[in-house]
Structures are given as structure tokens and as C-alpha cells.
Amino acid sequence: MNSGNTSRPAVVVTGASRGIGRAIAGIAASEGHTVVLVARSSEDLAAAAEQMRSAGGEVFTLALDVVADDAPFQIEQYLAGQGLTCEVLVNSAGYGLRGAAWDLSPDKQMGLVDLNVRALTRMTLHFLPAMVARKRGGVINLSSVAGFTPGPYMALYYASKGFVRSFSEALHQEVRYTGVTVTCAAPGPVKTEFLEIAGANRVPLFNLLPKTSSAKVAERAWRGFKQGRRLVVPSIGARLTILATSLLPSAMLLPLIARLQISGNDPCPCGSGKKYKKCCGARRWSLFSRS
């Protein structure tokens, strides 16, 4: 514990035990920043911290579910106890669900909204005012190329990432003359456990799109943040995907996304009770004729 009156700056990363969050935290630690890793799993946090400390970083861990209403206050209290203050906040915690919205568990879908939208917003609004008062630091929020279009069969995930992008870009403009930066990172599919957990690794869309490593996304997001950038799209494939979604009319884009996000073994969305490949999948190209 630091007994002095001056707090030391720290990079606070949520969802830091794996994936992009862990990779960003590793980069920050390797550059000499004090890093605070926040995630639910104590074991995963310990493994991540050990790796970063072996590279010479000063790393603290806090096992916490950021969905909890008092999560920002718990983090702030923990930081104060260590003589630290949140200089940079990285909101990386999030997950996705695949399936028809009417068929998925409402509780799981609202859990997605709570984590991807509500927790991220609460964390940002809690720590941003002090950053503005100090005239330094900032926030990195993780969005996705999914945030640039509606996404049938991952409706709430796409919508949540659209919120993150819109919210982050607006904040970037609001704070741009204060010395604080808000950066939104919007990668395409990333080689992490996310696709498997979301059930998206079995569908054509995520098999067609090129996948980027967590390390590459993290490096470009961190570099873009330090450069004061509003939006970071880490790969050419992701940029082309965004361009394509902006050019295609919705009447064509939405059926295309829908078709590419259905696995042949999924229940057919027509409600027949058959598997998609045995029902509408046999005539899937007719979906393009529906507006």
C-alpha cells in the first residue's frame, strides 16, 4: 500500500483475463505502466498477472463481476487502497449470443445488454470525469465491425456493439480538447474463445471473414489510443467488411447476414421444427428476394 498522498496512475482493464483485454494489458505492462486486471475468474487473473510480471510489469488483480451495480465503486476503492488512480480505462468485457431473439433465453439476452452496454457505460461515466479534471488519460472501448450494421440471429450483440461505437465516438468529440482521449476499437472476428462461446464458429459468416489475432488488435488499439484516434479498425478485412455493409442496401444486406449466420443444423427460422439444411436452407438463395 502507498502511504503517500500522491496516487500513481494505472491502466484498468476489464475482461482482462483473456482475449483482447489481456493482450492490451500485457502491452501496457511491457511499457512500464501499472496495470490492474479486472475479471470474474481469480485463477485466470492469476495466470495473466504471472505472465505480465515475468515480463517486468507491475500488475494488480481484482476478481469482480463488472455487472454489479457497485462495480465502479469497488474498483475505485481497491485502487485507493493500493495508492492508485485510474488513468486509462479499457472496457473489454463482453460476450455474444447467436440465435433468433424470440428463441434465446430472455435472461441471457438481458445479461448481454447488462455487460456489453450497461456495465461499459457505467464504468466509463464513473471514471471519465476525474480524467477530464486531470486533463489526461482516457478510455478504450471494444466494439466490433458488427457495430456497423444490424445482425439477424445475433441481434442484441450487433446492437450492443453499435451502441458502444456511437457512444464512444460521441465522447471522443466531447473530450477532444480536454487532454483526454476516448478511442473505439472495432475489430472483425478475432482468434479468441469468443466465437466458440457465442456459437458463431459454426456459421458461414465467421468462417468466411479473415480472423485477426488478439495481439494484433491489442497493439493497434493501444497505438491508436496513444495517437488520440477516435476509431481504430485493426485490419484490412474489417475495413472492407464495413465498406461493404455501407454500400449494400438493407433489403439485400439483412437477408445476406441472416443466411450467413445460420448453421445447417440450427432449427429453421420458419418455425417448421426441421433443421435449417433440411428446410429453408435447401432454397436459401430465395431469402435474397425478401425485403
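The values are calculated or read from the model by the stated rules, or taken from the named source; none is laboratory data. In this text, all values refer to a predicted model and were calculated from it rather than measured experimentally. Cβ placement follows ideal geometry from the backbone for every residue including glycine, while neighbour counts extend to all protein chains displayed. Side chains are part of the model used for accessible areas, which takes the heavy atoms of the whole protein and leaves out ligands, DNA and RNA. Shrake-Rupley method; radii C 1.70, N 1.55, O 1.52, S 1.80 Å.
Among the residues of the range 22-31, count how many are open to solvent by 10 Å² or more (accessible area, probe 1.4 Å) and over 15 Å from Phe60 (Cβ atoms).
Step one: filter the range 22-31 for residues open to solvent by 10 Å² or more (accessible area, probe 1.4 Å), giving 22-23, 26-27, 30-31.
Now restrict to residues that are over 15 Å from Phe60 (Cβ atoms): 23, 27, 30-31.
Qualifying residue count for the region: 4.
Entry remark, the range 7-21: residues being in contact with a Gly (Cβ under 8 Å, 6 or more places away or on another chain) and either crowded, with 23+ Cβ neighbours inside 10 Å or at pLDDT below 95 (or both) number 5 in total.
Of everything in the range 251-269 that's open to solvent by less than 80 Å² (accessible area, probe 1.4 Å) and over 13 Å from Tyr153 (Cα atoms), which residue is modelled with the lowest pLDDT? Before the answer, list the steps.
Applying the first criterion (open to solvent by less than 80 Å² (accessible area, probe 1.4 Å)) to the range 251-269 yields 251, 253-264, 266, 268-269.
From the residues that got through so far, the ones that are over 13 Å from Tyr153 (Cα atoms) too are 251, 253, 264.
Working: Ala251: 91, Leu253: 88, Gly264: 68.
Step by step, filter the range 251-269, then rank; the result is Gly264.
Regarding Ile27, is this residue in contact (Cβ under 8 Å) with a residue 60 or more places away in the chain, in contact with a Pro (Cβ under 8 Å, 6 or more places away or on another chain) and under 24 Å from Ala215 (Cα atoms)? The answer is no for Ile27.
Condition check: within 19 Å of the chain's Cα centre (by Cα) and open to solvent by less than 40 Å² (accessible area, probe 1.4 Å). Does Leu64 satisfy that? Step through it out loud before you land on a result.
Details: within 19 Å of the chain's Cα centre (by Cα): yes; open to solvent by less than 40 Å² (accessible area, probe 1.4 Å): yes.
Spelling it out, Leu64 is indeed within 19 Å of the chain's Cα centre (by Cα) and open to solvent by less than 40 Å² (accessible area, probe 1.4 Å).
In the range 67-89, what residues are of a type in the set (D, E, K, R) and either surrounded by 17 or more Cβ atoms within 10 Å (Cβ to Cβ) or within 18 Å of the chain's Cα centre (by Cα) (or both)?
Here is the first cut: in the range 67-89, the residues of a type in the set (D, E, K, R) are 69-70, 76, 87.
Result: Glu76, Glu87.
When you scan the range 36-49, do you find a residue that is part of a loop (DSSP other than H, G, I, E, B), in contact with a Phe, Trp or Tyr (Cβ under 8 Å, 6 or more places away or on another chain), among the polar types (S, T, N, Q) and open to solvent by less than 70 Å² (accessible area, probe 1.4 Å), even just one? No, the conditions are met nowhere in the range 36-49.
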